[in-house]
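Please read the structure below before turning to the comments.
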Amino acid sequence: MDLISVVVPCYNEEESLPIFLEALAGVARGMRERHEVSFEVVLVDDGSTDDTLKVMKRASEQARVDAVDSVPLLDIHWLSFSRNFGKEAGLAAGLEHAQGNYVALMDADMQDPPNLLPEMYEILLTEHYDNVATRRVNREGEPPIRSFFARLFYKLINRISKADIVDGARDFRLMKRPMVDAILSLPEYNRFSKGIFGWVGFKTKWLPFVNVERVAGETKWSFFSLLLYSIDGIVAFSTVPLSIASVAGLLLCLVALAGVIFIVAKTIAFGDPVEGWPSLACLITLLGGIQLLCLGIMGQYLAKTYLETKHRPLYIVKESSDDRDR
Ligand code: UDP
Ligand code: MG
């Protein structure tokens, strides 16, 4: 008997969550008719300020009440963070708590269609893959400028890291246990899941699907938060920016040396009338800018190292259904 764990990080999803759980229950019912499977759901409340936690508790109790022969269709577990720790922390917590030999990661807003699950599971049963991941094939409904930067980011990070991130990849995937354990074995504090999935390796089958709007609520990502997140991703999976800083420094030294030789030769040949201060001012500004940029790049890595060395937990659980079960 296979146990499929579905991990769902939720932040202010009181409206979407019931719709999602309803859809998931429908899919679970269908799959149980065809396969020897049972379902566990790990709901992670990421410090929601609305009634998300209440919805979770109610759904969990209801699933127990509706259970046939004390086997619920969806065995719903929940945990609630002490504050908002971000989706990455939610995913990590969910993966740690998931018991299944298959684990799915899904959003609560129905942008990860539950009806893809049967196909994903069947692929893992019949073909030699370790996980099935999803990739959206359109970016409709997204501002063009955001799509442009998203594409640029994917090109860049694939060139400068081993993370192997596919453009349009979502976090929605179904994994076999060994891959889940591999992901859990990465103890880093700065978690960038898209990179981690690629870095751990394993054979991935990509399922393309058409992007859909979320059913209710709104996205928690602004352009600026996405920009910061992409910098996190690059810093977490590549040290190339540091090399670029050194190489740029070296090149500028060479340029400066050539300039010195040129000016000395010119002064010897034609004398030295004082002129050209505007170009000098521009040069100083340019060099000052490059120096600050390089310092900033180093600062990014230093800051991440600093956070890693503190060994703080990724999240703090305030209460969970484990307390109830104990
Ligand atoms: N989420 C979370 N913590 C956060 C932000 C988001 O757990 O701080 C969850 C959210 O509830 C949803 C999923 O992560 O289930 C994806 O969020 P969202 O739909 O806002 O992202 P998008 O689909 O726009 O990339
Ligand atoms: Mg969404």
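The values are calculated or read from the model by the stated rules, or taken from the named source; none is laboratory data. What you see is a predicted model, and the numbers here were worked out from it, not measured in a lab. A quick note on method: Cβ atoms are made from the backbone with ideal geometry, for glycine too, and the neighbour counts reach across all protein chains shown.
Results, tabulated for the structure shown:
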item: Pick from segment 34-72, criterion of a type in the set (Asp, Glu) and surrounded by 13 or more Cβ atoms within 10 Å (Cβ to Cβ), ranking: nearest to LEU125 (Cα to Cα); result: GLU40
item: Some residue of segment 50-72 being more than 13 Å from ligand 1 (Cβ to nearest atom) and at positive phi; result: yes
item: Counted residues, segment 89-115 - those being under 30 Å from LEU314 (Cα atoms) and over 19 Å from the mean Cα position of the chain (by Cα); result: 5
item: Residue check for ALA104: within 15 Å of ligand 1 (Cβ to nearest atom), under 16 Å from SER5 (Cα atoms) and assigned to a helix (DSSP H, G or I); result: no
item: Contacts under 7 angstrom Cβ, first residue in segment 216-229 being at negative phi, partner within 9 Å of ligand 1 (Cβ to nearest atom) and assigned to a loop (DSSP other than H, G, I, E, B), 6 or more apart; result: LYS220/TYR11
item: Some residue of segment 266-275 being within 30 Å of LEU91 (Cα to Cα), without any contact (Cβ under 8 Å) to a residue 60 or more places away in the chain and among the polar types (S, T, N, Q); result: no
item: Strands (runs of 3 or more DSSP E) wholly inside segment 1-81 that include at least 2 residues being β-branched (Val, Ile, Thr), away from ligand 2 (no atom under 16 Å from the Cβ) and within 17 Å of ALA216 (Cα to Cα); result: none
item: Qualifying residue in segment 305-316 (condition: surrounded by 11 or more Cβ atoms within 10 Å (Cβ to Cβ), under 30 Å from ALA89 (Cα atoms) and at pLDDT below 85); result: no
item: Residue list for segment 9-68, restricted to those being under 11 Å from SER80 (Cα atoms) and touching a Cys at 6+ places or on another chain (Cβ under 7 Å); result: LEU43, VAL44, ASP45, ASP46, SER48, THR52
item: Residue match in segment 294-314 (condition: touching a helix residue (DSSP H, G or I) at 6+ places or on another chain (Cβ under 6 Å), of a type in the set (D, E, K, R) and touching a residue at least 40 places away in the same chain (Cβ under 8 Å)); result: yes
item: Breaking point among (1) touching a Lys or Arg at 6+ places or on another chain (Cβ under 7 Å); (2) touching a residue at least 12 places away in the same chain (Cβ under 8 Å); (3) farther than 23 Å from ARG135 by Cβ, for PRO72; result: (2)
item: Subset tally (residues that are more than 12 Å from the chain's Cα centre (by Cα), surrounded by fewer than 19 Cβ atoms within 10 Å (Cβ to Cβ) and either modelled with pLDDT of 85 or more or among the β-branched types (Val, Ile, Thr) (or both)) for segment 161-175; result: 1
item: Among the candidates PHE85, PHE81, residue that is in contact (Cβ under 8 Å) with a residue 24 or more places away in the chain and either over 23 Å from ALA182 (Cα atoms) or more than 14 Å from ligand 1 (Cβ to nearest atom) (or both); result: PHE81
item: Given (1) modelled with pLDDT under 85; (2) assigned to a helix (DSSP H, G or I); (3) within 16 Å of ligand 1 (Cβ to nearest atom), index of the condition SER230 fails; result: (1)
item: Residue tally, condition modelled with pLDDT under 85 and not β-branched (Val, Ile, Thr), over segment 192-222; result: 10
item: Some residue of segment 185-198 being farther than 22 Å from TYR315 by Cβ and in contact with an Asp or Glu (Cβ under 7 Å, 6 or more places away or on another chain); result: yes
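Here is a yes/no grid of residues against (1) surrounded by 15 or more Cβ atoms within 10 Å (Cβ to Cβ); (2) basic (Lys, Arg); (3) away from ligand 2 (no atom under 14 Å from the Cβ):
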site: GLY201; (1), (2), (3): no, no, yes
site: THR204; (1), (2), (3): yes, no, yes
site: PRO208; (1), (2), (3): no, no, yes
site: GLU213; (1), (2), (3): no, no, no
site: TRP221; (1), (2), (3): no, no, no
site: LEU242; (1), (2), (3): yes, no, yes
